[in-house]
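The structure under discussion appears below in the form of structure tokens.
The values are calculated or read from the model by the stated rules, or taken from the named source; none is laboratory data. Predicted, not measured: the structure shown is a model, and the values here were computed from it. Cβ coordinates were reconstructed from backbone atoms using ideal geometry, including for glycine residues, and neighbour counts include every protein chain displayed. What goes into the accessible areas is simple: the full protein's heavy atoms, side chains included, and nothing from ligands, DNA or RNA. Shrake-Rupley method; radii C 1.70, N 1.55, O 1.52, S 1.80 Å.
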Amino acid sequence: MTVIDDEVRTAVADVPPTMAERITLILDQFDGAGTRLTAEDLVQLTSIPRSTTHRILDQLTQLNWLRHNRTGYRLGWRAIALGRSNERDELRAAAAPHLHRLHLHTRMITHLSVLDGRDVVWLDKIGGRCADTIATRVGGRNRADLTSEGRAMLSLLPPEHVDVLYGDVLSAEALRELHGRIGVIRTRYGRTWETDAQGVSSVSAALLTGESDHVQPSCISLRGRVHHNRLQGTIPLLAATVRRVSERIAED
């Protein structure tokens, strides 16, 4: 038996036997949203047979765990979306008293939301009887690029991360327009304000929460049917609330 035969046998022996283990091994090669690997890279890194690697990559791409273009494979929006529910519970608990105070000072409906893949998820909503006048609900979700809160949170992400989230659902022109809008929000440090076609005004301020190895874009926002001048007047109060919530989370 040759040395080459021994090396081949060793490599084959090291390949995980189950499909779940092979999928995990392939996904483990991606350090983050910016990692880009070719199919050949993954064959070499995992020692999984080439035909099996291609079959797994095709399935992961179809299910949005990976994204593929001519330069290789990158993490898809499903992989990026994985979060930790306990972190959300801690965020909601830390923010709750500050959201109540913000509502009392502004008389507008306050929201707490997080970015989950390409969607906004509403974690909290405070507004008493007036809350029903705004079409959001705790636990509900909307596509982030279509909401003020979502665009504020997207402004905290690297542009290539935004490409991963929306490259397969937006045209090239629409993606450029989205980058333009969130680019303006970046110059405002994650803050944005606007009034929609139904006359509902919103002002949003994004923040980053979570551990250093799993940072979560979050957002505190105000919504209501108010005059532009009144909306602008809430921005300092909103900024102060974001600062207090960030400090509270850091203490915990």
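Residue check: residue 121 meets all listed conditions (1) in contact with a His (Cβ under 9 Å, 6 or more places away or on another chain); (2) at pLDDT 90 or above but one, namely (1). Scanning region 19-39 for residues that are open to solvent by less than 50 Å² (accessible area, probe 1.4 Å) and more than 16 Å from residue 61 (Cβ to Cβ) turns up 25, 32.
Out of the helices (runs of 4 or more DSSP H) lying entirely within region 30-83, which hold 1 or more residues that are polar (S, T, N, Q)? Where helices (runs of 4 or more DSSP H) fall fully within region 30-83 and carry at least 1 residues being polar (S, T, N, Q), they are 39-46, 50-62. Here residue 225 fits the description: of a type in the set (D, E, K, R), more than 12 Å from residue 114 (Cα to Cα) and open to solvent by 80 Å² or more (accessible area, probe 1.4 Å).
Taking first residues from region 42-63 that are on the phi > 0 side of the Ramachandran plot and open to solvent by 40 Å² or more (accessible area, probe 1.4 Å) and partners that are of a type in the set (Val, Ile, Thr) and assigned to a helix (DSSP H, G or I), no Cβ contact under 7 Å between residues at least 6 apart in sequence or on separate chains turns up.
Here region 185-198 is the region considered, the condition is being out of contact with any helix residue (DSSP H, G or I) (no Cβ under 7 Å at 6 or more places or on another chain) and part of a helix (DSSP H, G or I), and the residue that is surrounded by the most Cβ atoms within 10 Å (Cβ to Cβ) is 186. Taking region 129-184, which residues are open to solvent by 10 Å² or more (accessible area, probe 1.4 Å), touching a residue at least 60 places away in the same chain (Cβ under 8 Å) and in a helix (DSSP H, G or I)? Selection gives 130, 133, 160, 161. Residues satisfying the criterion are present in region 229-239 (criterion: of a type in the set (S, T, N, Q), touching a Ser or Thr at 6+ places or on another chain (Cβ under 9 Å) and not in a strand (DSSP E or B)).
Restricting region 231-250 to residues that are touching a residue at least 40 places away in the same chain (Cβ under 8 Å) and over 15 Å from residue 204 (Cβ atoms), the residue that is surrounded by the most Cβ atoms within 10 Å (Cβ to Cβ) is 249.
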